[in-house]
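Engineer: Got a structure here, written out as structure tokens. Questions coming.
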Amino acid sequence: MNSIFSRFLIIGIFLAGNSYSLFAQRGYYDAPYKRYEANTGTLSNGAFAMTKSYAQVDLQSEASDQICVNMTAANAAVEWTMIETADGLVVRYSIPNGETAVIGVYVDNVRITGITLTTTWSWESLWNNGNPNNGGVTNKNPKMRFDEVRYKLPSKIAVNGKLKLVRESGNPYIDFAELEPVPPAVTAPVGAAVYPGSGSIQSFINANGGKTIYLPAGIYSVGGTLQFTTANTKLQGAGMWYTQINFTSNTTNNGGLWGYATNISYDGLYLTTNNASRSNSYKALNGVYTSGSTITNVWAEHFECGAWIANYTSTGPSVADGFTLSNCRFRNNYADGINLCKGTSNAVVEHCNFRNNGDDDMAIWCANGQECNNNTFRYNTSENCWRASGVAIYGGRNNQAYNIIVKDNVEAGLRANNTFPGVTFNASGQHVFHDITLISCGTFNDLYNNPVGAIDLYCTNVSGTQVRNIKFYNIDIIDSKNDGIYFNKTNGDGFYNLIFENITITNTGKEYPYNNTNNSGAKRGMFVRFNGNPNGNATYCGMNYSGRGGNAVVDEDLSGKGALTWTAASSCPPAISSFTPTNAITGSIITITGSSFTGATAVSFGGIAATSFTVVSNTVITAVVGSGALGTVSVTTPSGTISKSGFNYMLCPGGINSSLISTITGSSYQWQVNTGSGFANVTDGANHSGTSSAILLLNNIPSSWYGYEYRCLVNNSTYSNTFILKFTDTWTGAGGTTEWENPANWSCGVVPDANTDVIINTGTVILNSITSCRSISVSNFANFTVTGGNQLSLLQ
């Protein structure tokens, strides 16, 4: 079949940046929407992409990848080709403060509607807005200059269909669009109490406590809080694209959903508010939730916070314990995305998106003398947070965050400090951050014009005197705008029992020389920096540095280390640093390098066990690929299973060398090949060697051999498994451009040909030619555009 974009296999893998290794299953990898960056769309009528800028004075510094599109010209337009069927549209935009604008929405050049853009909820001037949380703010760059608008299209746009946004009035700037296939509305569960559409919703909740309460599709205006004080009550909406509750109060804490009983749950809701400030406002979700509570598919925007989990009354459980919150979206709020506060324990927050919030996206704070323990943030994405950090821990014990992506934050990516009053860091237990990717985080000028790192550690004497018992491992810090890791003490004692293992820092000081209000001559862009002469101890191993930037002259600035001991560990826990080749098929031999491999008991590729493996040394394993799958290479050691993603269960096009090993052994071997007419013996020659041995070497194999089958006849009586040649090319962006036609942008070093399966996991790819490939796979985090007059034909 010859078709254009006839089929896409969407895979949940995130590739951070243009030349970095894959980070499988980090972040909200299974989000239902696809992103279309404006600067990768087809721009016309004067629309243009603004130059990438980290300078906070520039609007685009708050945009995705620090780039947005100026659409202020008459009829300026951006158009994208859809990679999946979708009808739920979100547009992230900015317009000048106090103005309005209108953009037309076109599908296949037919105008569907006009959307009005406002600044009602954007443009925060924190230094003079009077909120007590902003005392001492000296950074006078406006924040929250972007907002979002959503619209459900009357019908789905087909794959290959065109979505176009056209400026009709005003001065809009577009960051990106996101589209998703909106599922059908959820119907009332059997036995649910169905709200009739009139009368007080609170009264209806009170009358039906202990039941599932169904709120049908519609927009409901509520002038106060909605409180749930009877155990086992669930509020069920028709879905986040169907059931909207808009809170209209402008009184502090007089809005949002409040849980004050055991096993309170919410599902399928879109929560909004008329309020447009952190002052005189309220949170979308409040109160306490327990082991029988689930909060899922809730979308909250423009509140003080998305969720603040704590009990400030004498009603209901004293602390939240054991609830799960998943598949939620907390966006464009004025403070935290979610704060697990006042003794919250054993909670799990997973598969969520946090965007454009004005304080920590995910925080744990042991306020009011109540310790928070054993909470987990996992598989979440934090992006464009304009204050504080993506994930923060303020005291407590045994809390963890893992498989997280934090991207494009104005300030820190991760932070731990004792700057807020409450229970300090417990002397026992350990907080853990692991398998996290931080992209474009940290700054030399936070709200107080102070420097913060991508990982920011800060010691004061507000809540105890020590920041302690924290482990960081398998962390990737990419394009840090300031320092990679920053230890800073202003008061108190210091940092104790901090552990750093397998930390990769690639490119630092990206915002230099900008964001230097105080005209400081201090160095910036170190991979690790100490300040304030703290006491304490920290160990490290597997620290991998490259791309030191800014005006830094050393990798690690130890001048402010004080009495703290920064000690290399005698050995590092097991880790995989690399494997080769990255593209292979069943029977191929892979060499895995890393550390602490002695005693390994299993190796797998994409979750499929290797046919065999040999521990060559403590740092090298050779393994034979089994049936194989796209995904990770995993090694099980006495210390646990370690993994590294980026394995492609296919070969490179353009003439490759590989090897196959017979799955059975014997005294004689004869390799055979089936090119389409049945199996025939293979002899040594230009393309094959070792044809009568257990290992067949394939030399300079062309991609036109896609689908050829190989097997080995052993002892003239038994056949090995059959091996099938497949060829793939994965986008890396290592060539530094967005052009499909640049060979350096591809994992194989060659441009995909007609016999190649193409994988684009992330980044921006622009096709400027007429070409073909066998198939294409595009992930949630990738942008693929075919420019006008060009075409990609899929031959599978």
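The values are calculated or read from the model by the stated rules, or taken from the named source; none is laboratory data. Please read all numbers here as calculations on a predicted model, not as lab measurements. With ideal geometry, Cβ positions are generated from the backbone for all residues, glycine too; neighbour counts draw on all protein chains shown. These accessible areas exclude ligands, DNA and RNA; they are computed on the full protein's heavy atoms, side chains included. Shrake-Rupley method; radii C 1.70, N 1.55, O 1.52, S 1.80 Å.
Engineer: Tell me, which residue of the range 634-650 that is assigned to a strand (DSSP E or B) and aliphatic (A, V, I, L, M) is most open to solvent (accessible area, probe 1.4 Å)?
Structural biologist: For the range 634-650, the residue satisfying everything is 642.
Engineer: Restricting to the range 496-532, name every residue that is more than 29 Å from the chain's Cα centre (by Cα) and hydrophobic (A, V, I, L, M, F, W, C).
Structural biologist: 522
Engineer: Looking only at the range 712-729, count how many residues are part of a strand (DSSP E or B), open to solvent by 10 Å² or more (accessible area, probe 1.4 Å) and under 29 Å from residue 777 (Cα atoms).
Structural biologist: Going through the range 712-729 one residue at a time, the tally reaches 1.
Engineer: Taking residue 259, is it under 28 Å from residue 318 (Cβ atoms) and not basic (Lys, Arg)?
Structural biologist: Judged against the criteria, residue 259 is a match.
Engineer: Here is a further query. Would you point out which residue out of 353, 346 is of a type outside the set (Gly, Ala, Ser), out of contact with any Asp or Glu (no Cβ under 6 Å at 6 or more places or on another chain) and at pLDDT 95 or above? Walk me through how you get there before you give the answer.
Structural biologist: Values: 346 fails: out of contact with any Asp or Glu (no Cβ under 6 Å at 6 or more places or on another chain).
From the options 353, 346, the qualifying one is 353.
Engineer: So, of the residues in the range 194-221 that are touching a residue at least 12 places away in the same chain (Cβ under 8 Å) and at positive phi, which turns out to be farthest from the chain's Cα centre (by Cα)?
Structural biologist: 197
Engineer: Please go through the range 656-699 and pick out each residue that is of a type in the set (A, V, I, L, M, F, W, C), in a loop (DSSP other than H, G, I, E, B) and open to solvent by less than 20 Å² (accessible area, probe 1.4 Å).
Structural biologist: 682
Engineer: While we're here: Looking at 435, 408, 456 in this structure, which one is within 30 Å of residue 644 (Cβ to Cβ) and touching a helix residue (DSSP H, G or I) at 6+ places or on another chain (Cβ under 8 Å)?
Structural biologist: Answer to the selection: 408.
Engineer: Now for a separate question. Anything in the range 747-763 that is over 25 Å from the mean Cα position of the chain (by Cα) and either among the polar types (S, T, N, Q) or open to solvent by 60 Å² or more (accessible area, probe 1.4 Å) (or both)? List them, or say none.
Structural biologist: 755, 756
Engineer: Follow-up. In the range 734-746, which residue that is open to solvent by 50 Å² or more (accessible area, probe 1.4 Å) and either in a loop (DSSP other than H, G, I, E, B) or in contact (Cβ under 8 Å) with a residue 40 or more places away in the chain (or both) is nearest to residue 793 (Cα to Cα)? Steps first, please.
Structural biologist: Of the residues in the range 734-746, the ones open to solvent by 50 Å² or more (accessible area, probe 1.4 Å) are 734, 736, 738-739, 741, 743-744.
Applying the additional criterion that residues be either in a loop (DSSP other than H, G, I, E, B) or in contact (Cβ under 8 Å) with a residue 40 or more places away in the chain (or both) yields 734, 736, 738, 741.
On the way: 734: 24, 736: 25, 738: 19, 741: 15 Å.
Going through the qualifying residues, I end up with 741.
Engineer: Here are some residues: 491, 544, 518. Which one is modelled with pLDDT under 95 and over 27 Å from residue 378 (Cβ atoms)? Show your work before the answer.
Structural biologist: On the way: 491 fails: modelled with pLDDT under 95; 544 fails: over 27 Å from residue 378 (Cβ atoms).
From the options 491, 544, 518, the qualifying one is 518.
Engineer: Right, here's the next one. All but one of (1) in contact with an Asp or Glu (Cβ under 6 Å, 6 or more places away or on another chain); (2) crowded, with 18+ Cβ neighbours inside 10 Å hold for residue 161; state the number of the condition that does not hold.
Structural biologist: Condition (2) is where residue 161 drops out.
Engineer: Being open to solvent by less than 10 Å² (accessible area, probe 1.4 Å), within 27 Å of residue 420 (Cβ to Cβ) and modelled with pLDDT under 95 is true for just one of 455, 475, 470, 485. Which residue is that?
Structural biologist: Numbers: 455 fails: modelled with pLDDT under 95; 470 fails: modelled with pLDDT under 95; 485 fails: modelled with pLDDT under 95.
Answer to the check: 475.
Engineer: Can you confirm whether the range 677-687 contains a residue that is closer than 20 Å to residue 658 by Cβ, at pLDDT below 90 and among the charged types (D, E, K, R)?
Structural biologist: no
Engineer: Does at least one position in the range 98-113 carry a residue that is open to solvent by less than 40 Å² (accessible area, probe 1.4 Å), assigned to a loop (DSSP other than H, G, I, E, B) and in contact with a strand residue (DSSP E or B) (Cβ under 6 Å, 6 or more places away or on another chain)?
Structural biologist: Within the range 98-113, not a single residue is open to solvent by less than 40 Å² (accessible area, probe 1.4 Å), assigned to a loop (DSSP other than H, G, I, E, B) and in contact with a strand residue (DSSP E or B) (Cβ under 6 Å, 6 or more places away or on another chain).
Engineer: I would also like to ask the following. Tell me, yes or no, whether the range 713-723 has at least one residue that is within 17 Å of residue 581 (Cβ to Cβ) and either at pLDDT 90 or above or not basic (Lys, Arg) (or both).
Structural biologist: For the range 713-723, residues within 17 Å of residue 581 (Cβ to Cβ) and either at pLDDT 90 or above or not basic (Lys, Arg) (or both): present.
Engineer: Any idea how many residues of the range 575-601 are open to solvent by less than 20 Å² (accessible area, probe 1.4 Å) and not in a strand (DSSP E or B)?
Structural biologist: Selection size over the range 575-601: 7.
Engineer: Please specify each residue of the range 503-521 satisfying the condition of being closer than 30 Å to residue 576 by Cα and open to solvent by less than 30 Å² (accessible area, probe 1.4 Å).
Structural biologist: 503, 505, 506, 508, 509
Engineer: Next question, about the same structure. Do you know which of the residues in the range 64-94 that are of a type in the set (A, V, I, L, M) and more than 22 Å from residue 778 (Cβ to Cβ) is most open to solvent (accessible area, probe 1.4 Å)? Full working, then the answer.
Structural biologist: Going through the range 64-94, the residues of a type in the set (A, V, I, L, M) turn out to be 67, 69, 71, 73-74, 76-78, 82-83, 86, 89-91.
Then drop every residue that is not more than 22 Å from residue 778 (Cβ to Cβ), which leaves 71, 73-74, 76-77.
Values: 71: 0, 73: 33, 74: 68, 76: 0, 77: 3 Å².
Filtering the range 64-94 for residues that are of a type in the set (A, V, I, L, M) and more than 22 Å from residue 778 (Cβ to Cβ), the one most open to solvent (accessible area, probe 1.4 Å) comes out as 74.
Engineer: Also, I was wondering about something else. For residue 108, only one of the following conditions fails: (1) under 29 Å from the mean Cα position of the chain (by Cα); (2) within 21 Å of residue 35 (Cβ to Cβ). What is its number?
Structural biologist: Here residue 108 clears every test but (1).
Engineer: Give the residues of the range 700-717 that are under 17 Å from residue 674 (Cα atoms), out of contact with any Phe, Trp or Tyr (no Cβ under 7 Å at 6 or more places or on another chain) and among the polar types (S, T, N, Q), sorted by residue number.
Structural biologist: 704
Engineer: Could you tell me whether residue 653 is open to solvent by 20 Å² or more (accessible area, probe 1.4 Å), under 14 Å from residue 726 (Cα atoms) and out of contact with any Leu (no Cβ under 9 Å at 6 or more places or on another chain)?
Structural biologist: On the way: open to solvent by 20 Å² or more (accessible area, probe 1.4 Å): no; under 14 Å from residue 726 (Cα atoms): yes; out of contact with any Leu (no Cβ under 9 Å at 6 or more places or on another chain): yes.
Spelling it out, it is not the case that residue 653 is open to solvent by 20 Å² or more (accessible area, probe 1.4 Å), under 14 Å from residue 726 (Cα atoms) and out of contact with any Leu (no Cβ under 9 Å at 6 or more places or on another chain).
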